Amino acid sequence: MSTFTPTFVNADPGRPGIALVSISRLQSLCETIAPRYAGRARFFSVREGYGAAVTALQAHVDAGSVDVVLAAGSNGAYLREHLSVPVVMVKVNGFDVLSAITRATAARPGAPIGLVLHETISHELADLGGWLNVRLTQRAYRSVDEVRTAVNDLAAEGCRVIIGPGMACDLAQQAGLDSVFLYSLGAVEEAFERSVELARVSRQKESKRVRLNTIVAHLRDGVAAFDDAGQLEAVNPAMLDLLGLTGDRHRDNNRDRDVPAELARTLGPWLREAAERGGAAEERIEQIGERSLIVNCVPILEQGARSGSVVTVQDALVAQRIDRSLRTSQRPKHLVARHRLDDLVGESAALERVRRLARAGAAHDATVLLTGESGTGKELVAQGIHNASRRRGNPFVAFNCAALPEGLIESELFGHEEGAFTGARRGGKPGLFEIAHTGTIFLDEIGEMPAALQSRLLRVLQEREVMKLGSGRATPIDVRVIAATHRDLHALVERGAFRADLYFRLNLLQIELPPLRERRADVVPLARHLLSRGSRQYGLSEASIGRVLQFLAPLFERYAWPGNVRELENLLTRAAIYLGDAAGDLDRDIGPDLLALFPEFDRMQREGGKDPLRIAPNAHAADAASAPAAPRITPTRDDVAKALEQCGGNRAAASRALGIGRTTLWRLLKADDA
């Protein structure tokens, strides 16, 4: 029965374990030296050899309690071939042999000496026999039976003293011969030093390996490592699951043995491709069974030389979920639609039609084209459609196609890679289409988009993918497009100024927003809503709101509202600021002061022939409501020039004074110049 006796056990289980294996006299030397190293390692005595020693050690090796085995001779050679832990051999050097010969000649002067060595004999000793005046005969052995044969042969040849390992010495004594133990105390001490150091290093490596395997085992991505010959070194459970190699291992005991072969079959083509390319194979999309997997294969380099490969596999669906989460968490806070369709104020039939069409468009992902004059609320409707759709909560990105030069528009919409052009942002930049992924992008003033970019936009709408400047790979996107324009795109198409195919792609669901002059019944409710919204900012009471509405009543029915809702809000703000300051003097005639503040009154007086400024301050709005509606008044170049002069050339101030947007002012100037 084999024995595994922990003769010298250190109390600290974190210390490495060393098994001392011997079936003869070497064991007593080991047990003599072991206490000196008790602080550095734990020692176990195994009084078995060969197969019996392997049986006694295997369970403890598997459990990790034995890191190194110390043995000698053919027993050590056998253990080295059959155990997975390092085996340190007690080595016999020339001084050990000479010392043993000296002791043998001292015990039996002039007697023939037999020397039993493991594996090979020493030709140098044979040459020195004459110089030493010793009759020395050598025999080599590789197994227990060969030891017995060697001793018998030496005895038959007349040798009276046998020098060799413990078993040879025991057999010599049984034959009536003298013996000298070959291994010296110094040789065993040197083997202990090597064993302790090797055990320490092995324990550190094993600790790192276990730590790394624990980390890798908890990864969601599959990981497998191969050596340079393509043999599997490590694999985590996620890899087996993703490749469909997991099964009921209780029913199939050969499953573990089949895994390396199945992995090699599945991953072999990627390993060979990476080896042929001499580099990494990254972000390959492969279909394994019913799963789409993202595969990466990268080389392992040690001291500049390739020593293996690592294959990682990720479920494409998981990657898509992570991508959506990242886009959502990293989305800028301003990319949010604030308005809803309920924010459209008014009960006119024209506005109700807009609400109805907008809700119908929101229920689907169809592209929507919003048309209407400047200031009619196209962006508000676009935000309302977004918030009424299934994309609410995802990005809402607005971009004015007339706001930037052509080169910047392309970079803003589609993004760029690092180094794509001079001044490109380090690391590149995602375009607005990518930022709007899973949400809505609102392209305002689409009619102003340069012709060169219309084809790129058309491709995005058709293929649902964008390609950054300087990139050779397209990025899929999921974006709902809402476009808006104040221009007649159909007329632009007929003149060749706008691509017909892009127009038909955009004009899937067209919603025309009515100008304010066509829904005059909504003006007063809308004005009251706008004033109430800004009451806190301007310190307006209900009485002040009523006075503002009363003062602007002549405009509500007679004015053409060229700036639409934007102009109405502009006038209300000016009136709120001025009348809020004049709240304590309600009876004073403020008409003269308003000539400069409200040039709209002056234009309406010239067009209509009636002086609205002569209306008493406390008159009711209904008194002016019966006046006939004036025709639409569009600012002329003279109006623009006069406003610019009064505002010191400030275009923003001039636009506000005229009640039009800056884009409209710029267009009027440009059109007159042409």
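Bear in mind that the values in this text are calculations on the coordinates, not laboratory data. Predicted, not measured: the structure shown is a model, and the values here were computed from it. Cβ sites come from the backbone with ideal geometry, for glycine too, and all protein chains shown count toward neighbours.
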Q: Starting from the Cα-Cα distance between residue 340 and residue 491, subtract it from 0.36 nm times their residue separation and give me the gain in nm to one decimal.
A: 51.2 nm
Q) Once Rh for the stretch 94-182 is found with the Kirkwood sum over Cα pairs, what is the Stokes-Einstein diffusion coefficient at 10 °C and 1.306 mPa s, in µm²/s? A) 126
Q: May I ask you to evaluate 6.51 cos²θ - 1.76 cosθ + 1.60, the Karplus curve with θ = phi - 60°, for each residue of the stretch 444-458 and list the ³J(HN,Hα) values in order in whole Hz, giving x for glycine and proline?
A: 7, 6, 4, x, 8, 5, x, 4, 5, 8, 5, 5, 5, 5, 4
Q) Put +1 on the Cβ of every Lys and Arg and -1 on every Asp and Glu Cβ in the stretch 341-514; which of 438, 511, 484 then has its Cα farthest towards the positive end of the dipole? A) 438
Q) Within the stretch 341-514, what percent of beta bridges assigned by DSSP are antiparallel, to the nearest 5? A) 20
Q) What is the Cα centroid distance between the stretch 170-188 and the stretch 64-104, reported in whole angstrom? A) 15
Q: Report the normalised scattering of the stretch 444-520 as log10 I(q)/I(0) at q = 0.24, 0.26 Å⁻¹, calculated by the Debye formula with identical scatterers on the alpha carbons.
A: -1.20, -1.31
**Q.** Potential extension, residue 142-residue 213 segment - 0.36 nm per residue separation minus Cα distance
**A.** 21.6 nm
Q: Please work out the C-alpha center-to-center distance from the stretch 499-549 to the stretch 429-460 and express it in whole Å.
A: 27
**Q.** Estimated distance in nm for a label pair at residue 350 and residue 504, the labels positioned 7 Å out from Cα along Cα-to-Cβ
**A.** 3.1
Q: For residue 400 and residue 577, compute 0.36 nm times the residue count separating them, minus their Cα-Cα distance, and round to one decimal in nm.
A: 60.7 nm
